[in-house]
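Data block below; observations after.
The values are calculated or read from the model by the stated rules, or taken from the named source; none is laboratory data. Please read these numbers as outputs of a predicted model, since none were measured by experiment. Glycine also receives a Cβ, built like all others from the backbone with ideal geometry; neighbour counts cover every protein chain displayed.
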């Protein structure tokens, strides 16, 4: 064996392909990002199309309504929903984020979606080939952690899109993914290599993968909370009589709906983060002899846990809803970013591995 | 140190932190002998050349006083579990073996000296103290360079973590090491208050540079120092914590409880049946613990259940909003 150990040699050629596809997928994501943004920008046209179609359908229904006696429960309104301050109808944007009957085929969003899927497949190939080339899981250093995390964010978003109409978030999420890829490639480029002995453990598959997944989910809920804050302040301004400065936000659900959805994501991510911290403690016992040592990384993982626990608690017990809970969630995500960047690079501890 | 044996007794530990229930009789007798310590470095990668890939300590363990020695390995993520305790591989380095002769020609110190690595190429700091040297005590401080090279400024640096060309770069001191005061000293620090520097880069005598096997005669007949051999050593942590299992169980229970508390939907449902002029009137309401989007679907399901049992005569449904 060239390196004398029982580690299989690295496949450099495949590693180069991985890097190439990482770059290509970033380009594709960028185009998808622009198209999603265009889809939002064309909100005027979209909304008028949807409203026209809904009007047509309603008038057809009224004509035939006289003959019917019992309407199916599905179409009875549960009381009239409170109209939005910007007067966008339920047909355009469903507060439960389901696809409505009138969700038109927004063509820009369609193309953006196709491109996103293309980007995800190239991105997925890049991540998997990197793992295959190094004969290990592709999350052994910061570059790999970030690029795999970006992949998880994109995949989760695209899968959820099958069930919920989250097209309004498209530019935000794909933009976030592109940023993460750029951050990984420019900030922490790491050539393909073996794992340092401290990381050679089956726990890397469990602890780090759940950490990546939880971080990806936190990223998505962060995106929702930011949109929620924008929407909330916009609705307040409109209700107060000011002109609508962000017309594309009419395609975005109400602030309350965004917050509830973000809350559900945060609960799942929180349970996963709890497991991350626990699995990290078990791994620490196998490597360093103790469950918890107040290492900077451990401390900041705990800080993240406490902030999100506070967020969940404030919502459940304190009745904190609205912008306050959004800010808590955003602070939590800030801690996630801090934990991943500053603590890894500038704090001296057991988690500062060479080769970043 | 390679070749040395660690026996589980209080005196063998360099640092010991007991719990409150500890008694020195609690230490069960076992021994661990380091036969060899291997490091595998990455020689294949151009970008990570010299990165350590594997640390393995090949040891011989005896789990009781008259047990047969068993060969085992200790690695970074695979501690040695012995008699309920865990032995973790925590550090490693080089230990050059030196012989120091004093001014009278007698051997004042002979043996391996632990050197502390400072970087990834194992540039290691070391201190040698020879208190038995006569007429003056001798002390040395400096570096071990496993693969000694000279850089642009003429300074000696290490080029590789493997011991391809080991050299000792030392300054020497003579005088009073300060060990007779009864005050404990740091093994890795030389107290130069009562020592005069004999060898140093800045003095005429120059610094000491020893290649493997070389001997250096100290100026003014103060003695000599020989670089005999180079060994490796490992640093281990021994840990005994009987609370680990209960903690693991409770932590897992806490996680399960958390998941249940977050994901179990809580509902209150009221159903009222009234006799309204011969007609059966059903009133029902649902309440969730907070905002719960699934409530509406469950309300529809309830409606369907009631509808199938008591078909609707009229569509008089007075539905309030579902909110918290």
Residues located in segment B:84-132, provided they are farther than 28 Å from residue B:29 by Cα, assigned to a strand (DSSP E or B) and in contact with a helix residue (DSSP H, G or I) (Cβ under 9 Å, 6 or more places away or on another chain): B:129
Tally of residues being part of a loop (DSSP other than H, G, I, E, B) and loosely packed, with under 12 Cβ neighbours inside 10 Å across segment B:188-200: 1
Whichever residue in segment A:194-210 is assigned to a helix (DSSP H, G or I) and more than 8 Å from every other protein chain (Cβ to nearest Cβ) and, among such residues, is surrounded by the fewest Cβ atoms within 10 Å (Cβ to Cβ): A:205
Residue in segment A:36-52 that is at pLDDT below 75, at negative phi and surrounded by fewer than 12 Cβ atoms within 10 Å (Cβ to Cβ) present: no
Residue B:173, sole failed condition from (1) in contact (Cβ under 8 Å) with a residue 24 or more places away in the chain; (2) farther than 30 Å from residue B:241 by Cβ; (3) not in a strand (DSSP E or B): (3)
Unique match (being touching a residue at least 12 places away in the same chain (Cβ under 8 Å), at negative phi and within 14 Å of chain A (Cβ to nearest Cβ)) among B:280, B:232, B:266: B:266
Some residue of segment A:297-309 being under 26 Å from residue B:79 (Cβ atoms), within 14 Å of another protein chain (Cβ to nearest Cβ) and modelled with pLDDT of 85 or more: yes
Failed item in (1) over 24 Å from residue B:113 (Cβ atoms); (2) in contact with a helix residue (DSSP H, G or I) (Cβ under 6 Å, 6 or more places away or on another chain), with residue B:30 passing the rest: (2)
Residue ID - surrounded by the fewest Cβ atoms within 10 Å (Cβ to Cβ), chosen from residues in segment B:29-42 that are more than 14 Å from chain A (Cβ to nearest Cβ) and outside any strand (DSSP E or B): B:29
Per-region count, segment A:239-267, residues closer than 21 Å to residue A:168 by Cβ and within 10 Å of another protein chain (Cβ to nearest Cβ): 8
All positions within segment B:14-23 that are more than 22 Å from the chain's Cα centre (by Cα) and surrounded by 10 or more Cβ atoms within 10 Å (Cβ to Cβ): B:22
Criterion (within 20 Å of residue A:217 (Cα to Cα) and surrounded by fewer than 21 Cβ atoms within 10 Å (Cβ to Cβ)) met by exactly one of A:327, A:288, A:292, A:320: A:327
Scope segment B:152-170; condition under 17 Å from residue B:208 (Cβ atoms) and in a loop (DSSP other than H, G, I, E, B); matching residues: B:154, B:155, B:166
Residue match in segment A:273-289 (condition: within 14 Å of chain B (Cβ to nearest Cβ) and under 22 Å from residue B:289 (Cβ atoms)): yes
Segment A:126-155, subset under 12 Å from the mean Cα position of the chain (by Cα) and within 19 Å of residue A:207 (Cα to Cα), residue surrounded by the most Cβ atoms within 10 Å (Cβ to Cβ): A:150
Residues that are farther than 15 Å from residue A:275 by Cβ and touching a helix residue (DSSP H, G or I) at 6+ places or on another chain (Cβ under 8 Å), drawn from segment B:243-270: B:244, B:267, B:269
Given (1) buried (at least 17 other Cβ atoms within 10 Å of the Cβ); (2) assigned to a strand (DSSP E or B), number of the condition residue B:149 does not satisfy: (1)
